[in-house]
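*Asks:* Take a look at the following structure, please.
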Amino acid sequence: MIPINRTYAPVQAFVDELARCGMRHAVTSPGSRNAPLALSLAGAPLIETRSVIDERSAGFVALGIAKASGRPVAVTCTSGTAAANLLPAVVEAHESRVPLVVMTADRPPELRDVGAGQAIDQIKLYGSFAKWFVEVGSHEPGRASAVHHRALACRAYDTASAGRPGPVHLNFPLREPLAPVPEELDPEVWAGREDGTPWVRASEPRAAPEASRLRELADAVVQARRGLVVCGTVRRADDTARAVARLAGVAGWPALAEPTSGLRCGPQAASGPVVAHYDPLLAVEGFGESAIPELVLRVGDTPTSKRLRTLLEGARQVVVDPDGAWHEPTRMAERIERCDPVLLCEQLAEAVAERRPRADHDWLRMWLDADALVPDLVAATPDPFEPKVWNAVAAEAPHGSTLLVASSMPVRDVEAYLPRADKPLRILANRGANGIDGTVSSAVGAALASEHRVFVLIGDLALLHDLGGLLAARRLDVELTVVCVNNGGGGIFDFLPVAEAADAQTYEAHIATPTDIDFEDVADLAGLAYHQATNDREVRAAVGAPGLIEVRTDRAQNVELHRDLIRRLSDAL
């Protein structure tokens, strides 16, 4: 590392240490005060640094990279409202346990609260959403400053990724010179360890379940005739999915698999008793009453389905969460196991296999037979039907593809109606805070991390909410296939009581909020090929290449088609 000047040298040492710890991606936004941060990241040989103009989009691009790669990603911006625009991504990173290293530039203390331009109070700007905050400080150049910044970088990287992952916030008060004007400095003063290793190395143990607790849990599983495994979003999704599928098979229990769990799409979906369509099944009068389990083992985050959450409220539950995040909205779980879910499920499967599980095979068959009815009912639903659109994308996406699903109706439809399949697909969604913001930008990040085209399943409002993400994709030369269902506003609200209780005109203007945007113009702005499809067959034909595919549906008809499907499912059951 060749230090540039007294402002850049400590930042360069910090960035060099991030790279030594394993950081490989960073995202910057333009500015003057953050020039030392942005240029130092861009100059780091091991870190691929991308520029995104809008800070809100930049934060979600970083989030998408971190979510897809599993490693901390740095994001930096200039001072003032630029830093405030990172808040939505910081909130989502906190709620969904995604490691980010947020590096905000700031005015030095003497320029704060005196009317200097672009200066706001950035101390603990993100409040409790930041896992850790530190005011980096302004140190005299020398060895003490080098050691401080190197050790600080190691702690930031480790804190973001260890335990319950999340965003850390480092506020850098930077003085002139902000430009990379060379100054004579001794490189040895700023050097890291000679062997290239981090200044401080930290390890995180894989927590194994306690032996006594494992025996207790195995006894409970063996004794429960009607049990469920519920698998939500987890880290190390593929490993966890395989372990969960084996445990469910040994126990003779249905495994209710949220799409983001990794359990619904891949070899494990075929090898285990996986149930995909639990949400519409639980909408059928009578099925929910017969589906109340004696014991539930829940792995990962709570699934999206409100009906499933209601079912869980009346069940005996054990939650497996390696981060101890207390992701338990039902407040009915009797125990939270803070251990590695892969180790627990593997060891629990061994322990159960040695005994004689008392599982009710009629119970398992009830779930699997009912689940098998749904795909044909979906296929028989008249076009255009929104769940058929999302299923068409999944069916045509190549082996191992990444699908990023927007919040609101798309993620609910995918949870309810995406069938299990033996083709591996990686399904991502920003379900920490459940917002529609940053969906496209997150997909851009996921594409940058995977170096493959990403499929975006999104509604019209969510797409318009993140046009900056489309521009970021264009600037970064990222390939996306964006499939947008345009139903003229917020379709999810039509399913809620507000649609019937509010004045119709006021509801349209302030809740549903339809727009008259021409999505062909949006595609042209983003440099994307445009296709309009009217059914799932036309979607299948169009998704083979990057572009924007618009499928126009009618909101009122969409509600009726959903309700009619539940009526037909009820008849079939």
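*Asks:* Run down A245, A220, A241 and say which single residue is among the small types (G, A, S), more than 28 Å from the chain's Cα centre (by Cα), in a helix (DSSP H, G or I) and closer than 17 Å to A349 by Cα.
*Replies:* Working: A245 fails: more than 28 Å from the chain's Cα centre (by Cα); A241 fails: more than 28 Å from the chain's Cα centre (by Cα).
Of A245, A220, A241, the one residue that is among the small types (G, A, S), more than 28 Å from the chain's Cα centre (by Cα), in a helix (DSSP H, G or I) and closer than 17 Å to A349 by Cα is A220.
*Asks:* Please specify each residue of the stretch 332-383 satisfying the condition of being closer than 19 Å to S212 by Cα, among the acidic types (D, E) and within 31 Å of the chain's Cα centre (by Cα).
*Replies:* Scanning the stretch 332-383 gives E334, E337, D340, E346.
*Asks:* When both residues are 6+ apart or on different chains and their Cβ atoms are under 8 Å apart, which pairs have a first residue that lies in the stretch 139-152 and is at positive phi, and a second that is modelled with pLDDT of 95 or more and part of a helix (DSSP H, G or I)?
*Replies:* G142/V189
*Asks:* Take the stretch 83-99 and flag every residue that is buried (at least 24 other Cβ atoms within 10 Å of the Cβ) and either within 19 Å of I53 (Cβ to Cβ) or not assigned by TED's automatic domain parsing to the domain that holds M23 (or both).
*Replies:* A83, L86, A89, V90
*Asks:* Something else: Specify the residue that is modelled with the lowest pLDDT; the eligible residues are those in the stretch 227-236 that are buried (at least 20 other Cβ atoms within 10 Å of the Cβ) and under 15 Å from the mean Cα position of the chain (by Cα).
*Replies:* Per the stated criteria, the residue is V234.
*Asks:* What about A19, is it free of Cβ contacts under 8 Å to residues at least 24 places away in the same chain, of a type outside the set (D, E) and more than 30 Å from R431 (Cβ to Cβ)?
*Replies:* Judged against the criteria, A19 is not a match.
*Asks:* Looking only at the stretch 192-207, count every residue that is exposed (fewer than 13 other Cβ atoms within 10 Å of the Cβ) and of a type in the set (G, A, S) and tell me the total. Quick ask: steps written out before the conclusion?
*Replies:* Keep residues of the stretch 192-207 that are exposed (fewer than 13 other Cβ atoms within 10 Å of the Cβ), which gives 194-197, 201, 203-206.
Next, from what is left, pick out any that are of a type in the set (G, A, S): 196, 203.
Of the residues in that region, 2 qualify.
*Asks:* Right, next: Would a scan of the stretch 103-113 turn up a residue that is basic (K, R), more than 17 Å from the chain's Cα centre (by Cα) and under 18 Å from E176 (Cβ atoms)?
*Replies:* Yes, some residue in the stretch 103-113 is basic (K, R), more than 17 Å from the chain's Cα centre (by Cα) and under 18 Å from E176 (Cβ atoms).
*Asks:* Taking only pairs six or more apart or across chains, which ones have beta-carbon atoms under 6 Å, a first residue in the stretch 518-530 that is without any contact (Cβ under 8 Å) to a residue 24 or more places away in the chain, and a second residue that is among the acidic types (D, E)?
*Replies:* Close Cβ pairs satisfying both conditions: Y530/E520.
*Asks:* Right, another one. What are the residues in the stretch 244-265 that are among the small types (G, A, S) and surrounded by fewer than 24 Cβ atoms within 10 Å (Cβ to Cβ), if any?
*Replies:* Result: G249, G252.
*Asks:* In this structure, is A379 without any contact (Cβ under 8 Å) to a residue 12 or more places away in the chain, out of contact with any Gly (no Cβ under 6 Å at 6 or more places or on another chain) and farther than 21 Å from G232 by Cβ?
*Replies:* Taking the combined requirement at face value, the residue satisfies it.
*Asks:* Of all residues in the stretch 1-49 being of a type in the set (G, A, S) and within 20 Å of S441 (Cβ to Cβ), which is surrounded by the most Cβ atoms within 10 Å (Cβ to Cβ)?
*Replies:* Only one residue tops the list, namely A26.
*Asks:* Might you check whether a residue that is more than 26 Å from S161 (Cβ to Cβ), among the polar types (S, T, N, Q) and touching a helix residue (DSSP H, G or I) at 6+ places or on another chain (Cβ under 9 Å) occurs anywhere in the stretch 252-260?
*Replies:* No, the stretch 252-260 contains no residue that is more than 26 Å from S161 (Cβ to Cβ), among the polar types (S, T, N, Q) and touching a helix residue (DSSP H, G or I) at 6+ places or on another chain (Cβ under 9 Å).
*Asks:* Answer yes or no: is there a residue in the stretch 443-458 that is polar (S, T, N, Q) and touching a residue at least 24 places away in the same chain (Cβ under 8 Å).
*Replies:* yes
*Asks:* If I ask for residues that are among the basic types (K, R) and under 17 Å from A153 (Cα atoms), which ones from the stretch 189-232 would you list?
*Replies:* Going through the stretch 189-232, the residues among the basic types (K, R) turn out to be 193, 201, 206, 213, 215, 225-226.
Listed by number, the residues that qualify are R193, R201.
*Asks:* Determine which single condition V189 fails, assuming it passes every other condition in (1) β-branched (V, I, T); (2) surrounded by 21 or more Cβ atoms within 10 Å (Cβ to Cβ); (3) part of a helix (DSSP H, G or I).
*Replies:* (2) is the only condition that V189 fails.
*Asks:* I'd like the full set of residues that are farther than 22 Å from G70 by Cα, assigned to a strand (DSSP E or B) and either not assigned by TED's automatic domain parsing to the domain that holds A62 or not charged (D, E, K, R) (or both), limited to the stretch 105-144.
*Replies:* A105, V134
*Asks:* A further question follows. Failed condition for V102, given (1) of a type in the set (V, I, T); (2) in contact with a strand residue (DSSP E or B) (Cβ under 6 Å, 6 or more places away or on another chain); (3) part of a helix (DSSP H, G or I); (4) under 19 Å from K131 (Cα atoms), with all others met?
*Replies:* (3)
*Asks:* Looking at V342 and the list (1) touching a strand residue (DSSP E or B) at 6+ places or on another chain (Cβ under 9 Å); (2) within 23 Å of A276 (Cβ to Cβ); (3) not charged (D, E, K, R), which single condition is not satisfied?
*Replies:* Every condition holds for V342 apart from (1).
*Asks:* If only one of G252, G286, G262, G266 is in contact with a His (Cβ under 8 Å, 6 or more places away or on another chain) and at positive phi, which one is it?
*Replies:* Going through G252, G286, G262, G266 in turn, just one is in contact with a His (Cβ under 8 Å, 6 or more places away or on another chain) and at positive phi: G252.
*Asks:* Now, a different point. Read through the list (1) touching a Gly at 6+ places or on another chain (Cβ under 9 Å); (2) in contact (Cβ under 8 Å) with a residue 60 or more places away in the chain; (3) not aliphatic (A, V, I, L, M); (4) not in a loop (DSSP other than H, G, I, E, B), then give the number of the only condition that T159 fails.
*Replies:* Answer for T159: the failing condition is (2).
*Asks:* Failed condition for R358, given (1) under 30 Å from D219 (Cα atoms); (2) not in a loop (DSSP other than H, G, I, E, B), with all others met?
*Replies:* Single failed check for R358: (2).
*Asks:* Taking the stretch 552-573, which residues are in a helix (DSSP H, G or I) and farther than 28 Å from V482 by Cβ? Outline the logic, then answer.
*Replies:* Taking the stretch 552-573 as the starting set, the residues that turn out to be in a helix (DSSP H, G or I) are 555-572.
Result: R563, D564, I566, R567, R568, L569, S570, D571, A572.
*Asks:* So which of R150, R155, R143, R164 is out of contact with any helix residue (DSSP H, G or I) (no Cβ under 8 Å at 6 or more places or on another chain) and either more than 30 Å from H327 (Cα to Cα) or modelled with pLDDT under 95 (or both)?
*Replies:* R164
*Asks:* Inside the stretch 5-94, counting only helices (runs of 4 or more DSSP H) that do not spill past its ends, which hold 1 or more residues that are over 30 Å from E140 (Cα atoms)?
*Replies:* Result: 55-69.
The values are calculated or read from the model by the stated rules, or taken from the named source; none is laboratory data. None of the values given here were measured: they were computed from a predicted structure. Every residue, glycine among them, receives a Cβ derived from its backbone with ideal geometry; neighbour counts consider all protein chains shown.
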